[in-house]
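Student: Sharing a structure below in structure tokens format, with a few things to ask.
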Amino acid sequence: MIEPFKKADNGLFYLEKWEREEPGLVAGFTSTAGGTGRYNGLNMAFHVQDQSSVVQENRRKVAELIDFPTSAWVGCEQTHEVHIASVSKSDRGRGALDYETALAATDGLDSNETGVLLTLCYADCVPLYFLDRTTKRIGTAHAGWKGAVGGIGPNMIKKWKQEGSRLEDIEAAIGPSICGSCYKVGASVVEAVRKWYQPNEDMPFSPVRNERDTYFFSLQLFNRDLLIKEGLPPENIHVTSLCSSCSTDFFSHRRDRGHTGRMMGYIGWKEGNYEG
Ligand SMILES: [Zn+2]
């Protein structure tokens, strides 16, 4: 399988196929490269006890690299729930340079306007990206195990279907996040995941040998399965092989035992790129 996320010389990962095929579309994921501050890297989140001025500086740096000003960014207070907010130009700047103005209790964003960058922060949870090239709608969601079990991925697809998207037009990408060999979970998580499957289906988890009630769990495959169950053609889903814990390109909440920075996933159409 082709890795959908390519690393640019500037240290940012980008969704190569989408950016190449859709001029004006910006879709990517930050790494630890560059930046200063408490976590010795490009921490993009305000809520992890880093200095605000450092986070602002890191964000301005990324804004310059992707040529998308922070005044056009929209960010969220992420709570591992399933609320999706539709945003427009009137929301621009919220949560861009502080945490207070971020959209409260929101883990998914979508928009059909240009000049709005949808942003969410991560350290192991799965970034989901959505694109409908026909309606020009874009979306993103923060899908850790709670959000995924809650159905945030399928919810985005349901929402877009109600708003006129055809299933075959919706594409999704699953971004850098903890892999199935790095992520161990307990029985309660596995039970919640199992509810999404028929008993005879392949499960995205397997028992860890010699560790009672412990499982290796692939959040990436789980999220993919849920999108397929909601009707997305498998060929429309691009899954990364990049692991936030295996690779030193990323912060990892698990690997770094909770004391770590956050990457940012983002998607947006540059201002005036199409007539919406
Ligand atoms: Zn890994």
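Student: Write down the accessible area per residue of the chain in Å², having rolled a 1.4 Å probe over the full set of protein chains. Intermediate values should be presented prior to the final figure.
Tutor: Working: 11940 Å² over 276 residues.
Value returned for the chain: 43 Å² of accessible area per residue.
Student: Using a Förster distance of 25 Å, how high is the FRET efficiency between K229 and T135, based on the Cβ-Cβ distance and rounded to 0.05? Mind dumping the intermediate values first?
Tutor: Numbers: r = 22 Å, r/R0 = 0.90.
Efficiency at R0 = 25 Å is approximately 0.65.
Student: Starting from 0.36 nm per residue, how many nanometres of slack lie between T79 and E211 once their C-alpha separation is accounted for?
Tutor: Taking 0.36 nm per residue and subtracting the Cα distance, the gain is 44.5 nm.
Student: Straight-line reach from K146: which lysines have Cα under 22 Å away, leaving out those fewer than 8 places along the same chain?
Tutor: Cross-link targets: K158, K159, K184, K195, K229.
Student: Per DSSP H run of n ≥ 4, the term is -39500 (n - 2.57); total these for the chain, divide by its residue number, and report the mean residue ellipticity at 222 nm rounded to 500 deg cm²/dmol. Provide the component values of the computation, followed by the final result.
Tutor: On the way: 6 runs with 57 residues, N = 276.
The helix-only estimate for the chain comes to -6000 deg cm²/dmol at 222 nm.
Student: If each residue of separation counts as 0.36 nm, what is the full-extension length gain between E201 and K17 once their alpha-carbon separation is subtracted?
Tutor: Working: separation 184, 0.36 × 184 = 66.24 nm, distance 3.09 nm.
Difference between extended and current length: 63.2 nm.
Student: How much length is gained on full extension from K184 to S247, taking 0.36 nm per residue of separation minus their Cα-Cα distance? Write down the numbers at each step before the final one.
Tutor: On the way: separation 63, 0.36 × 63 = 22.68 nm, distance 1.70 nm.
Residue separation times 0.36 nm, minus the Cα-Cα distance, leaves 21.0 nm.
Student: While we're on this one: With a 10 Å radius around each residue's Cβ, average the other Cβ atoms per peptide and rank 198-208, 154-164, highest first.
Tutor: Values: 198-208: 12.3, 154-164: 16.8.
Result, highest mean first: 154-164, 198-208.
Student: Less than 19 Å from a label point 7 Å out along the Cα-to-Cβ axis of M1: which backbone N atoms in segment 215-237 qualify, by residue?
Tutor: 216-237
Student: Could I ask something else about it? Which of rounded, prolate, oblate describes segment 142-181, given a ≥ b ≥ c as roots of the alpha-carbon gyration tensor eigenvalues and a/c under 1.5 marking rounded, otherwise prolate only if a/b is larger than b/c?
Tutor: Numbers: a/c = 3.75, a/b = 1.82, b/c = 2.07.
It comes out oblate by the Cα gyration axes.
Student: Straight distance only, please: which aspartates and glutamates reach the Cα of K17 with their own Cα at less than 18 Å, same-chain residues fewer than 8 apart left out?
Tutor: E3, D9, D132, E168, D169, E171, E235
Student: Right, here's the next one. Counting every Cα pair in segment 7-127, what percent are over 22 Å apart?
Tutor: Working: 2303 of 7260 pairs.
Percentage above 22 Å: 32.
Student: Hey, what's the Kirkwood Rh for the chain if you take every pair of different alpha carbons, in angstrom? Mind dumping the intermediate values first?
Tutor: Numbers: mean 1/r = 0.0537 Å⁻¹.
Evaluated on the chain, it is 18.6 Å.
Student: Over the chain, with every protein chain in place, what whole percent of the accessible area is carbon and sulfur at 1.4 Å, could you tell me? Walk me through the numbers before you get to the answer.
Tutor: Working: 5580 of 11940 Å².
The computed percentage sits at 47.
Student: What whole-number distance in Å separates the alpha-carbon centres of segment 1-52 and segment 119-169?
Tutor: If you average the Cα positions of each part, the centres end up 19 Å apart.
The values are calculated or read from the model by the stated rules, or taken from the named source; none is laboratory data. Predicted model only: the values in this text are computed from it and were never measured. No Cβ is skipped: glycine too gets one built from the backbone with ideal geometry, and neighbour counts run over all protein chains shown. All accessible areas refer to the heavy atoms of the entire protein, side chains included, with ligands and DNA or RNA removed. Shrake-Rupley method; radii C 1.70, N 1.55, O 1.52, S 1.80 Å.
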